[in-house]
Amino acid sequence: MKVTFKLFATLRDYLPTGTTNHILELNVVEGTTPTDLAERFHLPPKLVHLVLVNGHYWYPEERNTKPLAEGDVLAIWPPIGGG
């Protein structure tokens, strides 16, 4: 099934070399979770802070157990600080 995977800010560094933007279209197997994709791209767990699927926040406990569906858009942001 196809999903859209977006990484923002410093997480863009974890995308494959040659990726020209922060968005990848991926083919994944049924049952794939956001945590599965974070692990696939070697994202450090402490940097996987804000996870949205189709614009809706997924709590940390959902990210391991709730699978993505065909056409979902998964977006991940690291913790952001500033002042």
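Could you tally the net charge around TRP77, taking each other residue with its Cβ under 14 Å from the Cβ of TRP77, Lys/Arg +1 and Asp/Glu -1?
On the way: positive: LYS6, ARG12, LYS46, ARG63; negative: ASP13.
Result for the local shell: +3.
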*For HIS22, what charge total do you get from the other residues with a beta carbon under 12 Å from its beta carbon, if Lys and Arg give +1 and Asp and Glu give -1?*
+1
_Need one word for the chain: rounded, prolate or oblate. Basis is the Cα gyration tensor (sqrt eigenvalues a ≥ b ≥ c); a/c below 1.5 gives rounded, then a/b vs b/c decides._
oblate
*asked:* Can you divide the C-alpha Rg of the stretch 1-48 by 2.2 N^0.38 Å and report the result to two decimal places?
replied: 1.11
_Suppose each label sits 7 Å from its Cα in the direction of the beta carbon; what would the ASN64-ILE80 distance come out to in nanometres?_
2.7
*Please work out how much length the chain gains when fully extended from TYR14 to ARG40, using 0.36 nm per residue of separation minus the C-alpha to C-alpha distance, in nm with one decimal.*
8.4 nm
*asked:* If I compute solvent accessible area with a 1.4 Å probe over the protein chains, what percent of it on the chain is carbon and sulfur?
replied: 55
*asked:* With every protein chain kept in place and ligands, DNA and RNA left out, what is the accessible area per residue of the chain? Probe 1.4 Å, answer in Å².
replied: 62
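The values are calculated or read from the model by the stated rules, or taken from the named source; none is laboratory data. Keep in mind it's a predicted model, so treat the numbers as computed, not measured. Note that we place each Cβ from the backbone using ideal geometry, even for glycine, and neighbour counts take in every protein chain shown. Remember, those area values only see protein heavy atoms, side chains included, never the ligands or the DNA or RNA. Shrake-Rupley method; radii C 1.70, N 1.55, O 1.52, S 1.80 Å.
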